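What follows is a set of notes on a single structure, which appears directly below.
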Amino acid sequence: MEALLEPVFVFKLNPSFTSKNPCTVHFPNLPKIPSKPLVVATCCAGTPSPSPLLPQDSDQNPLQLSPDRTRDRRKVVRIAWEKLVRWSRSWRSKAKTEVLERTKKVVVLGGGSFGTAMAAHVANRKAQMEVSMLVRDPAVCRSINENHFNYKYFPEHKLPENVTATSDAKTALLGADYCLHAVPVQFSTSFLEGIAEHVDPGLPFISLSKGLELNTLRMMSQIIPQALKNPRQPFIALSGPSFALELMNKLPTAMVVASKDKKLAHAVQQLLSCSHLRISTSRDVTGVEIAGALKNVLAIAAGIVEGMNLGNNSMAALVAQGCSEIRWLATKMGGKPATITGLSGTGDIMLTCFVNLSRNKRVGVRLGSGEELEDILSSMNQVAEGVSTAGAVIALAQKYNVKMPVLTAVARIMDSELTPKKAVLELMSLPQVEEV
């Protein structure tokens, strides 16, 4: 037995030795192996010996926790959720409702898809509230008043009984507590100048329009008070990922209202928020408006990528680059980076760039497929704000000395000075620099 405890090495020193007569060499000075039961491993031909360093196959799932650990994990999750629910209930119990209670009339300027959806939403908040839509199309006006449908945009969605329509600005604005502005940006100045005499100086304007005025580079927060000749006209920007159709169907939606007047923002939050519409507040009007304007231009670029069948990798790269460009410009203009990563920024960008309900993306898809811009626009019954905003965006970028390659390429395509294919080649050839 003692011999088994002494290390032994066997060498075949030359061909004269055989397996029956090997040369045995002893190394008595090496440390002895501890006296433990000898484990003998046998290997059969064709059957590999299991390695003691590798985990052996087992029927047990390595990701499966023991019953005790599973119970502990579930307890932690349950406690976290219960705390969240208690906090939410406490917050709701303190929520104020006096704004909705005292609001008797809301006017909606414009009879497009989003204006109609918001009119229906506000009307559903309180049956006794009067919601008056100021529309220019007599046929839409009759359709709303006689049949409670906007036949042009929502022929299958009946509007609440307390929604009415008129083409008379004085009638629509008389006695209004809040105004929802849903007129496209490029037509807003002339429209507002035409109704300015009927607008109360203290009437809060909630802007639903997203974009930049092409010649002046103004945002709606600048257009509205200047067109109404009242620099103190209360202003709120409403933005975020919200398709009108889904709002009409009362699907869960989250948006943000931005105003420099904190109390006014909270008042509008009370007016609009309900079980299927969450409203956050912000004081970063510039960030919210710039993100809302530029995401339309980026959506055209995303559509071009899809129309050219460039794949998911290029789509993700393009949208990521576009988000950075929007952040660069917004922060140079005084916006907050956190706004660009919020609902009015990343949220709205994802919806507009990845979902085909977006008008701007559809324009891009058709451009990428080879159609001419003039033919695309003439076939649409809604305004794609990104088309007209693209040029204004680049002028702003030059003003603030910001490089915006993706959005600049879109503007060049809109001006018919660059083809989508050439734009892709140029963008892919740009210097490869450090990510910022």
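We did not get these values from a lab; they are worked out from the coordinates using the rules stated. Nothing here was measured: the structure is a model prediction, and the numbers come from that model. Cβ sites come from the backbone with ideal geometry, for glycine too, and all protein chains shown count toward neighbours.
Observations
- Ranked by how many other beta carbons lie within 10 Å on average, peptides 284-294, 116-126, 249-259, 142-152 from highest: 284-294, 116-126, 249-259, 142-152
- Fully extending the segment from HIS276 to ASN309, taken as 0.36 nm per residue of separation minus the present Cα-Cα distance, adds 8.3 nm.
- Region 330-371, Cα convex hull volume normalised per residue, Å³: 84 Å³
- 28 Å tail of the calculated P(r), region 95-283, as % of Cα pairs: 18 percent
- Each residue of region 202-284 gets 102 Å³ once the volume of the Cα convex hull is shared out per residue.
- Peptides 416-425, 359-368 ordered by packing proxy, namely the average of other Cβ atoms within 10 Å per residue, highest first: 359-368, 416-425.
- Most to least packed among 199-210, 71-82, 384-395 [average Cβ atoms within 10 Å]: 384-395, 199-210, 71-82
- Given LYS336/LYS421; LYS361/LYS421; LYS126/LYS361; LYS332/LYS422; LYS104/LYS250; LYS229/LYS295, the pairs whose alpha carbons are separated by over 26 Å: LYS336/LYS421; LYS126/LYS361; LYS332/LYS422; LYS229/LYS295
- Virtual spin-label span in nm between TYR151 and ASP415, 7 Å along Cα→Cβ: 4.3 nm
- Full-extension gain in nm, TRP91 to GLU161, via 0.36 nm per residue minus C-alpha separation: 22.0 nm
- Size-normalised alpha-carbon gyration radius of region 320-436, reference 2.2 N^0.38 Å: 1.09
- Pairs of Cα atoms nearer than 8 Å and 6+ residues apart set the relative contact order; for region 95-283 it is 20 percent.
- Each 10 Å bin from zero up to the one holding the largest Cα-Cα distance in region 65-140 carries the following percent of pairs: 15, 25, 18, 16, 13, 10, 3.
- Treating r as the C-beta distance of SER369 and ARG283 and R0 as 60 Å, the FRET efficiency rounds to 0.90.
- Straight-distance candidates among the aspartates and glutamates for linking to LYS262, with alpha-carbon spacing under 19 Å and chain neighbours fewer than 8 residues away dropped: GLU98, ASP177, ASP284, GLU289.
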